[in-house]
1. With a sphere of radius 14 Å drawn around the Cβ of residue 161, what net charge do the other residues whose Cβ falls strictly inside it have (Lys, Arg +1; Asp, Glu -1)?
2. Add +1 for every Lys or Arg and -1 for every Asp or Glu among the other residues with Cβ under 13 Å from the Cβ of residue 334, and state the total.
3. Provide the net charge surrounding residue 136, with neighbours chosen by a C-beta distance below 15 Å and charges set as Lys +1, Arg +1, Asp -1, Glu -1.
4. I'd like the Kirkwood hydrodynamic radius of segment 191-343, using the inverse of the mean 1/r over distinct C-alpha pairs, in Å.
5. Which one of 180, 112, 158 has the biggest mean-square fluctuation once the chain is modelled by GNM with Cα springs under 10 Å?
6. What whole-number distance in Å separates the alpha-carbon centres of segment 326-343 and segment 144-202?
7. What is the spread of the Cα atoms of the chain along each of their three principal axes, largest first, in whole Å?
8. Pairs of Cα atoms under 8 Å, at least six residues apart: use those to get the relative contact order of the chain, whole percent.
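The values are calculated or read from the model by the stated rules, or taken from the named source; none is laboratory data. The model shown is predicted, which means the values in this text are computed figures rather than measured ones. Note that each Cβ is placed from the backbone with ideal geometry, even for glycine, and that neighbours are counted across all protein chains shown. The area values use the complete protein model at the heavy-atom level, side chains included, leaving out ligands, DNA and RNA. Shrake-Rupley method; radii C 1.70, N 1.55, O 1.52, S 1.80 Å.
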Amino acid sequence: MKAYTVIKSLLTSCGLFPVCLLLACTEPPQAQAELVLGTICRINLYEYGSPQLYGTLFSRLREIEMTMSITMADTAVAKINQNAGIRPVPVPLDLMEVLDQALAYAALSEGAFDPTVGPLVQRWAIGSEHPRVPEAAEIEEALSLINWQDVVIDRDAATVFLRRSGMALDLGAIAKGYAADEIAKILQRARVTGAIIDLGGNIVAYGAKQRGLPWSIGIQNPLDSRGTYLGIFAIQHKSIVTSGVYERYAEIEGKRYHHILSTQDGYPVYNGLLSVTIIADRSIDADALSTTAFALGYEKGRALVESVDHAEALFIFEDKRIQGTPGALAQFTLRDTQFRLIP
Ligand code: ADP
Ligand code: MG
């Protein structure tokens, strides 16, 4: 794919945006964006920006990408996958931490969220240049290779091992959340008091805006063109992440297939939901929970979010209903009256 096409398609891959961008006002010159972690990562430090600090932030993002990407050849995750069923692979602490969290969400969701979903993701290849609907036998084979309980972590040796040959990790549902938290940590050390970290729609509304005002974050209307938002969250010092059917999908023979896959039947999850937005203190939780709650569906997804401290959820349904936890609704203003808020 040409670089231009990549950037264009990536630019359309996020569902949350600082509202200033939506209203087409010119972006403050302090913002910087780079193609990292398979998406456009944009950080706006407002008056705190310096080339040096931006340099530190984007190198940190590249460092995380060099560990967790599945498309780059020599990352720790790629090595773990190449050595599945063969031998344990030494991994950096970053990856240990992300895997710990990923396995915790896998346990909480009884495998609806599963970081070993790799074989299935590879066969569908949604979001790549060659997406396809796999044969039933391929789906069966992929499903047989998915099981988070076959990830062996040896903490003392700092190694990770996938028990069976053909297994593969895919951290696409959680790595950007971790990366956003790491950026926020650097900002804290640099005593920045307000910034927007936007890693392909995985947002941290860091600190507060000037004069202590909350940030306004628009929520994509999943049924409309990119950049059309149906409502706004006013938040500060929180992460906000959406998983939705419109984020990454492929149209094959007139049917739309999106990128959150069921570890039960091996197909994209169809459960009446269009998107799930999570607001949480940590971005790694918001990222993992948005995918998990989407995969679990409304009832179980909501129950899971309510069991996690400091996490709130907004669910948007195909029939244009919107439901959410009280904490989410309290911070949300609906703008598009075609949708109905159900308390
Ligand atoms: P985005 O990548 O658009 O931010 P998500 O955070 O919801 O969206 O992550 C979706 C990605 O997670 C998919 O592209 C795939 O790599 C991976 N994935 C798909 N299904 C699952 C699943 N059931 N459990 C864990 N990861 C998944
Ligand atoms: Mg996610």
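1. Counting the neighbours of residue 161, the net charge comes to +2.
2. Residues near residue 334 contribute +3 overall.
3. Taking every other residue near residue 136 into account, the sum is -3.
4. Radius from the Kirkwood sum: 15.8 Å.
5. It is 158.
6. After rounding, the separation between the Cα centres reads 31 Å.
7. Computed over the Cα atoms, the extents are 56, 47, 43 Å.
8. Normalised by residue count, the contact order of the chain is 17 percent.
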